[in-house]
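A.B. asks: One structure follows; several queries about it will come next.
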Amino acid sequence: MSNVVGRLAPTPSGHLHLGNALAFGAAWLSARSVGGRLLLRFEDVDRGRARPEVEAGQRADLAWLGIDWDEEVSPQRDRDYRPWLQALAPTVYRCACTRARVAAEGFRADGGCPGGCRDTPRVGGRVRFRISPGEVVISDRRFGTNRVDPARLGDPVLQREDGTFSYTLAVVADDLQDGVSEVVRGADLLEQVAVQSQVWSAFGATPPTWLHVPLVLGEDGKKLSKSHGSTELRALRAAGWSATEVWRVVLPWLGLSGADSLSSALASWQDRGPVDAVVAPSTAPGG
Ligand SMILES: [Zn+2]
């Protein structure tokens, strides 16, 4: 048994699709290949979008794919993020800029909001994390070393005006609390490492290792979402796909050709694969 702790972190706002199969399959392989542990955590900090029936469907999809886990930890809806926000008090500020203003004017060169709220005490508004500008060297197991200036992404919101907490705060607090040592997810989140690493550091903690896997796109070239219903696992299942057929499509995207199940791919698992983005098929194999 190694000390590696990975996690499966589905968001129960939409059904799982081929992109999720890729990311969760990679998280499973990465942890299992070194005898590590795998946690399941539902990421429903955005309560308005979470749907219980979708969560049940996601569990069924994971079981169908043969993705198992060692422990289910508290979903985000059951966690209290107030102490975590409190711990970041020295690096946060209240921002009274409207969403429209931020969209229209963008962030300042140092990452601060357009209204200069970093330097002027505000009442109300949302709570933002003050990022340190300057290039950050981020290291990814697949994409290698990249230089990203987090100021370009702007100071992230940690708590919204209505008091709810953001994904940026929740995911770091959860991974820290759960002892997660490796994060495996889609390549669209690669640049976010620059921001999230700073939040980890602000907590006085060492960030996990990062592995960003190929992004799965729909035939329209966009990231898979609800508008790509035919790539949802339940739709594929209804169209007659077996889990084996899903893995025959997904595993080659990770450079694991010749395997037709997760367990058969374990021996040849590696961080690096042949491609950075792939297009999902929307019809059954041979169909
Ligand atoms: Zn502001």
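The values are calculated or read from the model by the stated rules, or taken from the named source; none is laboratory data. What you see is a predicted model; the values in this text were computed from it and never measured. Every residue, glycine as well, gets a Cβ built from its backbone with ideal geometry; the counts of neighbours run over all protein chains shown. Remember, those area values only see protein heavy atoms, side chains included, never the ligands or the DNA or RNA. Shrake-Rupley method; radii C 1.70, N 1.55, O 1.52, S 1.80 Å.
A.B. asks: Which pairs do you get when a residue that is assigned to a strand (DSSP E or B), found in the stretch 72-98, comes within reach of a residue that is more than 16 Å from the ligand (Cβ to nearest atom) and modelled with pLDDT of 95 or more, reach meaning Cβ atoms under 8 angstrom, with the pair 6+ apart or on two chains?
C.D. replies: What qualifies is Glu72/Leu39; Glu72/Leu40; Glu72/Arg41; Val92/Leu85.
A.B. asks: Right, next: Given the options Leu62, Leu158, name the one that is under 13 Å from Val195 (Cβ atoms), touching a helix residue (DSSP H, G or I) at 6+ places or on another chain (Cβ under 9 Å), among the aliphatic types (A, V, I, L, M) and surrounded by 12 or more Cβ atoms within 10 Å (Cβ to Cβ).
C.D. replies: Leu158
A.B. asks: Filter the stretch 25-37 down to the residues that are surrounded by 22 or more Cβ atoms within 10 Å (Cβ to Cβ) and under 13 Å from Ser181 (Cβ atoms) and list them by number.
C.D. replies: If the condition is that a residue be surrounded by 22 or more Cβ atoms within 10 Å (Cβ to Cβ) and under 13 Å from Ser181 (Cβ atoms), then Ala27, Ser30, Ala31 are the ones that fit.
A.B. asks: Collect the residues in the stretch 182-195 that are within 22 Å of Arg37 (Cβ to Cβ), open to solvent by less than 10 Å² (accessible area, probe 1.4 Å) and over 10 Å from the mean Cα position of the chain (by Cα), keeping them in residue-number order.
C.D. replies: Of everything in the stretch 182-195, nothing turns out to be within 22 Å of Arg37 (Cβ to Cβ), open to solvent by less than 10 Å² (accessible area, probe 1.4 Å) and over 10 Å from the mean Cα position of the chain (by Cα).
A.B. asks: Continuing with this model, one more query. Could you tell me whether the stretch 200-209 includes any residue that is open to solvent by 50 Å² or more (accessible area, probe 1.4 Å), of a type outside the set (D, E, K, R) and in contact (Cβ under 8 Å) with a residue 60 or more places away in the chain?
C.D. replies: yes
A.B. asks: Counting only residues that are within 11 Å of the ligand (Cβ to nearest atom) and within 16 Å of Pro156 (Cβ to Cβ), which one in the stretch 84-100 is modelled with the lowest pLDDT? Let's see the steps before the verdict.
C.D. replies: Within the stretch 84-100, the first condition is being within 11 Å of the ligand (Cβ to nearest atom), and the residues that meet it are 93-99.
If we keep only those that are within 16 Å of Pro156 (Cβ to Cβ) too, we end up with 93-95, 97, 99.
Details: Tyr93: 97, Arg94: 97, Cys95: 97, Cys97: 96, Arg99: 92.
The selected residue is Arg99.
A.B. asks: Restricting the first residue to the stretch 149-161 and requiring it to be more than 18 Å from Gly115 (Cβ to Cβ), which pairs with a second residue that is among the aliphatic types (A, V, I, L, M) and not in a loop (DSSP other than H, G, I, E, B) meet a Cβ separation below 8 Å and a spacing of at least six or different chains?
C.D. replies: Within 8 Å, the pairs are Asp149/Val136; Asp149/Ala194; Pro150/Val136; Pro150/Ala194; Pro150/Val195.
For every residue, the table says whether it meets (1) charged (D, E, K, R); (2) within 13 Å of the ligand (Cβ to nearest atom); (3) part of a strand (DSSP E or B).
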site	(1), (2), (3)
Val102	no, yes, no
Arg108	yes, yes, no
Gly112	no, yes, no
Thr120	no, yes, no
Arg128	yes, yes, yes
Ser132	no, no, no
Ile138	no, no, yes
Arg147	yes, no, yes
Leu158	no, no, yes
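A.B. asks: Now a separate question. If you check Val172 against the conditions, is it outside any loop (DSSP other than H, G, I, E, B) and at pLDDT 95 or above?
C.D. replies: yes
A.B. asks: Sticking with this structure for a sec: Any residue at all in the stretch 38-55 that's in a loop (DSSP other than H, G, I, E, B), assigned by TED's automatic domain parsing to the domain that holds Pro156, at pLDDT 95 or above and within 22 Å of the chain's Cα centre (by Cα)? Break it down stepwise before answering.
C.D. replies: So in the stretch 38-55, the residues in a loop (DSSP other than H, G, I, E, B) come out as 41-46, 50-51.
Next cut, assigned by TED's automatic domain parsing to the domain that holds Pro156 only: none.
The answer is no, given that none of the residues of the stretch 38-55 is in a loop (DSSP other than H, G, I, E, B), assigned by TED's automatic domain parsing to the domain that holds Pro156, at pLDDT 95 or above and within 22 Å of the chain's Cα centre (by Cα).
A.B. asks: Can you confirm whether Glu105 is open to solvent by 80 Å² or more (accessible area, probe 1.4 Å), modelled with pLDDT of 95 or more and either over 26 Å from Gly204 (Cβ atoms) or of a type in the set (Ser, Thr, Tyr) (or both)?
C.D. replies: Numbers: open to solvent by 80 Å² or more (accessible area, probe 1.4 Å): yes; modelled with pLDDT of 95 or more: yes; either over 26 Å from Gly204 (Cβ atoms) or of a type in the set (Ser, Thr, Tyr) (or both): yes.
Against the criterion (open to solvent by 80 Å² or more (accessible area, probe 1.4 Å), modelled with pLDDT of 95 or more and either over 26 Å from Gly204 (Cβ atoms) or of a type in the set (Ser, Thr, Tyr) (or both)), Glu105 qualifies.
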